[in-house]
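To start, the structure under review is shown below, and the notes come after it.
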Amino acid sequence: QWGLQTEWLGKSIVHKPTIASTQTLAKQLAATGAEHGTIVIADEQTAGRGRMQRTWHSRKGEGIWMSLILRPEILPNKAPQITLLVATVIAEVLSNFNVKPLIKWPNDILINDKKVSGILTEMQAEQDQIEFMVIGIGLNVNQSKDMFPADLKPIATSLKIQSGQKLDPIVMTQQILMKFEDVYEKYISHGFDVLKGNWLKYGYKLGEKVYIQTAKRQWYGVIEGIEPDGALRIKNDDGSVETLYSAEIKW
Ligand code: BTN
């Protein structure tokens, strides 16, 4: 059914017509031993979750709602790099459809300044070992404008709205998974540095001034790029440079 030509990613696929959240199920499966590369995918989620306790609208036929279980042998502080790689892969796949996707660090994908995809990464780790990572991907494929709730209309979009074509979520899922398997293997054998350039190709507001919010403060700074470990590098008005591991960029 899935026509996947991958070696290990998606060898085991758990597909549910309806589920509360693929992320929640994937975490349960991961905690009880699901193998590296297992995928949980749903046609519809009734309680899809985003970052910061936000809701993720996930109706049937409108997009891709899936969670990947990974068990990378890397240090837990490197895990954000994998999220950046997933974002890069989604941006690359989207760019085949005549649109110009950009990645808003750390994990939103925008087209024409509106969000088309979001990534939610959750991890279980001990000291210096990752037990598992669950990477949730939400990608809006076939919504038309009126299908988004009023509060999302100004900030959300779909590939159909942006490209003018109705697309098959299964075909897109295949493309994302095949590309990600390849990128992941390169990453594990060569590290993030060789793949960083791919991210920079899609970096949103690179070199531009943005409004930054962290738990402690909010200010304007220029996005200079990302550090080798995946942190965001910001240059402040007074010339100082800082690296951020967690922040919201406003647009
Ligand atoms: C965000 O932008 O805040 C992240 C959104 C992540 C949504 C996906 S859809 C599949 C998986 N299951 C969930 O409940 N959430 C993620």
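Observations on the structure shown:
- Charge-dipole axis of the range 86-243 as Lys and Arg at +1 and Asp and Glu at -1 on Cβ define it, positive-most pick from G230, I119, V93: V93
- Under-5 Å amide H pairs with K205, H placed in peptide plane, nonlocal only: none
- Inter-label distance, N96 to N236: 4.4 nm, where each label sits 7 Å from its Cα along the C-beta direction.
- With the biggest extent put first, the Cα atoms of the range 13-201 measure 47, 36, 29 Å across the principal axes.
- Set of lysines with alpha-carbon distance to K60 below 17 Å, sequence-local pairs under 8 removed: K16, K145, K160, K166
- One decimal place: the segment E131-S12 gains 41.0 nm when fully extended, by the rule 0.36 nm per residue minus the C-alpha distance.
- DSSP beta bridges confined to the range 1-84 are antiparallel in about 50 percent of cases.
- Cβ-defined net charge surrounding N142, 15 Å radius [Lys, Arg +1; Asp, Glu -1]: 0
- Calculated over the range 209-250, the projected area of the Cα convex hull averaged across directions stands at 2.7 nm².
- If you wrap the tightest convex hull around every Cα atom of the range 7-103 and split its volume per residue, you get 134 Å³.
- Counting only whole DSSP H helices of the chain, the ones at least 24 Å long by C-alpha along their axis and with mean Kyte-Doolittle hydropathy no lower than -1.0 are 169-190.
- Here the relative contact order of the range 178-251, from alpha carbon pairs under 8 Å that lie six or more residues apart, stands at 23 percent.
- Efficiency of FRET between D43 and K166 - r from beta-carbon atoms, R0 22 angstrom, step 0.05: 0.85
- Whole-angstrom gap from the range 35-69 to the range 123-170, using each part's C-alpha centre: 8
- As a size descriptor, the averaged projected area of the C-alpha convex hull of the range 129-215 was calculated at 9.4 nm².
- Summary of packing: across the peptides 20-30, 214-224, the per-residue average of other C-beta atoms within 10 Å ranks them, highest first, as 20-30, 214-224.
- Inverse mean reciprocal Cα-Cα distance (Kirkwood Rh) of the range 85-127, Å: 11.1
- Ranked H36, H15, criterion: other C-beta atoms within 10 Å, fewest first: H15, H36
- Residue-count net charge about K153 - beta-carbon cut-off 12 Å; Lys, Arg +1, Asp, Glu -1: +1
- Of A215, S246, H190, farthest towards positive along the dipole that unit charges on Lys, Arg, Asp, Glu beta carbons give the range 162-251: A215
- Relative contact order (percent, whole number), the chain, Cα cutoff 8 Å, 6+ residue spacing: 17
- Virtual spin-label span in nm between W219 and T32, 7 Å along Cα→Cβ: 4.8
- Bridge type composition, the range 13-201 - antiparallel percent by DSSP, nearest 5: 80
- For K216, a cut-off of 19 angstrom between C-alpha atoms picks up these lysines, skipping any fewer than 8 places away in its own chain: K235, K250.
- Proximal charge balance of E227 [Cβ under 10 Å; K/R count +1, D/E count -1]: 0
Every number here is computed from the coordinates shown, using simple stated rules; none is lab data. Computed from a prediction, not measured in an experiment: that's the story for all the values here. Virtual Cβ from ideal backbone geometry, glycine too; neighbours counted across all protein chains shown.
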